[in-house]
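Take a look at the structure set out below.
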Amino acid sequence: MLFMEAIGGLLESEFEVVSMIADGGGLLRKAFVVKPDLVLLELAIPSLNGLEAGRSLKANLPGIKLVYLTADPDSDAIDEAFWLGASAYLFKSCHAIELLSVVRRALLHSSYLSPFVIGRKIAAPNVAGVETHQTSSRSLTSRQREVLKLLVSGRSMKEVAFTLRISARTVAYHKYRIMDDFKLGSSAALVKFAMEEQVA
């Protein structure tokens, strides 16, 4: 809470801070009413994690800017954050001037990734200074096929994660990456796609 208040105080020097909320459900309820231009998110927040909250915000408020400020260097989380539409991803160890600059850039439709993770192979399109790649062959990777087969068999993300010995967040990343790459707008479309690809 003290950290959130410190960040809020920093941002208030230049921007209007409309609210500071500590849980994901409350964040969504407030955002849908206030409709802010930008939301600063942490990955680990109660009731609904930052990636799930970000996905819901983008689905309901497409023009909103998402900036992730976190201690999590997980490249899967970074990938997923940008694929769901984040404008920036930086660490809590950043300097105050960097955070202010990132918020300005996000509001001007620019993307940013912390220098601490630049150089990794991040599958994040249109991120300044980051190596990117696009799916050209439109074919599933072996890991995507494994995840998809288990998901469409009716297993939950946690069950798939346990079976494949990966994190639930990684399962979510693969699921939504497939849906994004192949323009699948629903779980039903995902199941149909799996049948067409002879995965199910």
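The values are calculated or read from the model by the stated rules, or taken from the named source; none is laboratory data. Keep in mind the model is a prediction, meaning the values are calculated, not measured. Because the Cβ atoms are built from the backbone with ideal geometry, glycine has one as well, and the counts that use them run over all protein chains shown.
Restricting attention to the range 56-85, the residues that are charged (D, E, K, R), outside any loop (DSSP other than H, G, I, E, B) and closer than 23 Å to GLY8 by Cα add up to 2. Taken over the range 51-85, residues that are modelled with pLDDT of 90 or more, buried (at least 16 other Cβ atoms within 10 Å of the Cβ) and either small (Gly, Ala, Ser) or in contact with a Cys (Cβ under 6 Å, 6 or more places away or on another chain) (or both) amount to 3.
Can you list the helices (runs of 4 or more DSSP H) found entirely within the range 134-197 that contain at least 2 residues being of a type in the set (Gly, Ala, Ser) and over 18 Å from the mean Cα position of the chain (by Cα)? So that I can check it myself, show each step before the final result.
Values: elements: 142-152, 157-164, 168-181, 187-196.
In the range 134-197, 187-196 are the helices (runs of 4 or more DSSP H) which contain 2 or more residues that are of a type in the set (Gly, Ala, Ser) and over 18 Å from the mean Cα position of the chain (by Cα).
State whether the residues of the range 29-42 include one that is closer than 23 Å to ARG177 by Cβ, out of contact with any helix residue (DSSP H, G or I) (no Cβ under 7 Å at 6 or more places or on another chain) and either surrounded by fewer than 12 Cβ atoms within 10 Å (Cβ to Cβ) or outside the structural domain of ASP181 (by TED's automatic domain parsing) (or both). Scanning the range 29-42, I find no residue that is closer than 23 Å to ARG177 by Cβ, out of contact with any helix residue (DSSP H, G or I) (no Cβ under 7 Å at 6 or more places or on another chain) and either surrounded by fewer than 12 Cβ atoms within 10 Å (Cβ to Cβ) or outside the structural domain of ASP181 (by TED's automatic domain parsing) (or both), so the answer is no.
Picking from residues in the range 10-28 that are farther than 19 Å from TYR89 by Cβ and of a type in the set (A, V, I, L, M), the one that is surrounded by the most Cβ atoms within 10 Å (Cβ to Cβ) is LEU28. Considering only the range 51-58, I want to know if a residue exists there that is in contact (Cβ under 8 Å) with a residue 24 or more places away in the chain and of a type in the set (S, T, N, Q). Checked the range 51-58: at least one residue is in contact (Cβ under 8 Å) with a residue 24 or more places away in the chain and of a type in the set (S, T, N, Q). PRO46 meets all of the listed conditions (1) at pLDDT below 90; (2) touching a strand residue (DSSP E or B) at 6+ places or on another chain (Cβ under 8 Å) but one, namely (2).
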